[in-house]
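Let me begin by presenting the structure, written as structure tokens, before commenting on it.
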Amino acid sequence: MNLDKYRFIVVEGPIGVGKTSLARRIAAETGAQALLEQPQENPFLQRFYKDSARYALPTQIFFLFQRMNQLRDLAQTDLFSAPVIADFLIDKDPIFAALTLADDELNLYHQMYDHFSQATPRPDLVIYLQATPATLAERIKRRGIQSESNISDNYLERICESYSRFFHQYESTPLLMVNAENLNPIERSEDFDLLMKRIVGMRGKREFFSRGD
């Protein structure tokens, strides 16, 4: 399917919703370049899930610089040589900082974020995948990643609420909100085809899509 109208697409959503799998599949099906987070490279992540108060700041700073470096490398290449599909939106990075950092740590984080985020490329489209905390918990358990085994239901609820608030106010780029409760573009090819048709046919600045639309 032709994605020429979009040169840079971001797939976003809370942990467990399937954003990385969808980004990979869109890239594979369209010949686009996949730009993916590398959480396994963060040496603090597993410790953060066990002791969030102690390891929140180094975990957050590592991810911030990792994502900034990925976007910097992208900006230094010819972004328009082929479409790019990413599984992270740098604008949402402060969501996790606000949830996990103490006030003095959060002030330090925001100084760093404001300094480095200005030069990052903007996506042409953001696809926001939504699901309930219960669905996320089930998917996280099913995929069985050891570092995620200590994620609490309370943390998932706070993440979902923060994502909802963030994207309710998000106006920086076109936004397609996808109900991932009843649409599974990863495991069902017909759902993937429906989603891709909606992406290509999107005309508004802000649209919602679920199975049956």
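The values are calculated or read from the model by the stated rules, or taken from the named source; none is laboratory data. Nothing here was measured: the structure is a model prediction, and the numbers come from that model. Glycine gets a Cβ as well: all are built from the backbone with ideal geometry, and neighbour counts include every protein chain shown.
In this structure, does residue 10 turn out to be closer than 24 Å to residue 186 by Cβ, at pLDDT 95 or above and either of a type in the set (Val, Ile, Thr) or surrounded by fewer than 21 Cβ atoms within 10 Å (Cβ to Cβ) (or both)?
Working: closer than 24 Å to residue 186 by Cβ: yes; at pLDDT 95 or above: yes; either of a type in the set (Val, Ile, Thr) or surrounded by fewer than 21 Cβ atoms within 10 Å (Cβ to Cβ) (or both): yes.
The answer is yes for residue 10.
Among the residues of region 107-119, which ones are of a type outside the set (D, E, K, R) and surrounded by fewer than 18 Cβ atoms within 10 Å (Cβ to Cβ)? If you could, list the steps in order and put the result at the bottom.
Taking region 107-119 first, the residues of a type outside the set (D, E, K, R) are 107-113, 115-119.
If the condition is that a residue be of a type outside the set (D, E, K, R) and surrounded by fewer than 18 Cβ atoms within 10 Å (Cβ to Cβ), then 107, 108, 110, 111, 112, 115, 116, 117, 118, 119 are the ones that fit.
For residues that are at pLDDT below 95 and in contact with a Leu (Cβ under 8 Å, 6 or more places away or on another chain), tally how many sit in region 127-139.
The number of residues fulfilling the criteria is 3.
Go through region 13-41 and give me each residue that's buried (at least 23 other Cβ atoms within 10 Å of the Cβ) and of a type in the set (Lys, Arg).
Selection gives 19 alone.
Give me a count of the residues in region 198-213 that are surrounded by fewer than 17 Cβ atoms within 10 Å (Cβ to Cβ) and touching a residue at least 60 places away in the same chain (Cβ under 8 Å).
Qualifying residue count for the region: 1.
Pick out the one residue from 174, 185, 123 that is surrounded by 18 or more Cβ atoms within 10 Å (Cβ to Cβ), closer than 30 Å to residue 73 by Cα and in contact with a helix residue (DSSP H, G or I) (Cβ under 6 Å, 6 or more places away or on another chain).
Working: 174 fails: in contact with a helix residue (DSSP H, G or I) (Cβ under 6 Å, 6 or more places away or on another chain); 123 fails: in contact with a helix residue (DSSP H, G or I) (Cβ under 6 Å, 6 or more places away or on another chain).
Just one listed residue meets the conditions, 185.
Can you confirm whether residue 94 is without any contact (Cβ under 8 Å) to a residue 24 or more places away in the chain, within 24 Å of residue 84 (Cα to Cα) and under 19 Å from the mean Cα position of the chain (by Cα)? Full working, then the answer.
Values: without any contact (Cβ under 8 Å) to a residue 24 or more places away in the chain: yes; within 24 Å of residue 84 (Cα to Cα): yes; under 19 Å from the mean Cα position of the chain (by Cα): yes.
In short, yes.
More than 17 Å from residue 16 (Cβ to Cβ), in a loop (DSSP other than H, G, I, E, B) and of a type outside the set (Asp, Glu): is that true of residue 172 in this structure?
Details: more than 17 Å from residue 16 (Cβ to Cβ): yes; in a loop (DSSP other than H, G, I, E, B): yes; of a type outside the set (Asp, Glu): yes.
Here the answer is yes, as residue 172 does meet what is asked.
Against the condition more than 13 Å from the chain's Cα centre (by Cα), closer than 28 Å to residue 157 by Cβ and not small (Gly, Ala, Ser), how does residue 6 come out, does it pass? Give the derivation first.
On the way: more than 13 Å from the chain's Cα centre (by Cα): yes; closer than 28 Å to residue 157 by Cβ: no; not small (Gly, Ala, Ser): yes.
No, not satisfied.
Going through region 133-151 one residue at a time, which ones are in a loop (DSSP other than H, G, I, E, B) and surrounded by fewer than 12 Cβ atoms within 10 Å (Cβ to Cβ)? Reasoning before the result, please.
Of the residues in region 133-151, the ones in a loop (DSSP other than H, G, I, E, B) are 144-145, 149-151.
144, the sole residue that qualifies.
Does region 42-64 include one or more residues that are closer than 24 Å to residue 190 by Cα, surrounded by 17 or more Cβ atoms within 10 Å (Cβ to Cβ) and at pLDDT below 90? Show your work before the answer.
Kept after step one, since they are closer than 24 Å to residue 190 by Cα, are these residues of region 42-64: none.
Checking region 42-64: not a single residue is closer than 24 Å to residue 190 by Cα, surrounded by 17 or more Cβ atoms within 10 Å (Cβ to Cβ) and at pLDDT below 90.
Output the number of the condition that residue 157 fails; it satisfies all remaining conditions of (1) out of contact with any helix residue (DSSP H, G or I) (no Cβ under 8 Å at 6 or more places or on another chain); (2) assigned to a helix (DSSP H, G or I).
Exception for residue 157: condition (1).
Please go through region 175-208 and give me each residue that is under 13 Å from residue 131 (Cα atoms), of a type in the set (A, V, I, L, M, F, W, C) and assigned to a strand (DSSP E or B), ordered by number. Even if it seems obvious, please write down each step before you answer.
To start, the set of residues in region 175-208 that are under 13 Å from residue 131 (Cα atoms) comprises 177-184.
Narrowing further to those that are of a type in the set (A, V, I, L, M, F, W, C): 177-178, 180, 183.
Within region 175-208, 177, 178 meet the criteria.
Those residues that are among the charged types (D, E, K, R) and touching a helix residue (DSSP H, G or I) at 6+ places or on another chain (Cβ under 7 Å), I need them from region 1-36; list them, please. Steps first, answer last, please.
Quick first cut of region 1-36, residues among the charged types (D, E, K, R) only: 4-5, 7, 12, 19, 24-25, 29.
Correct list: 7, 12, 25.
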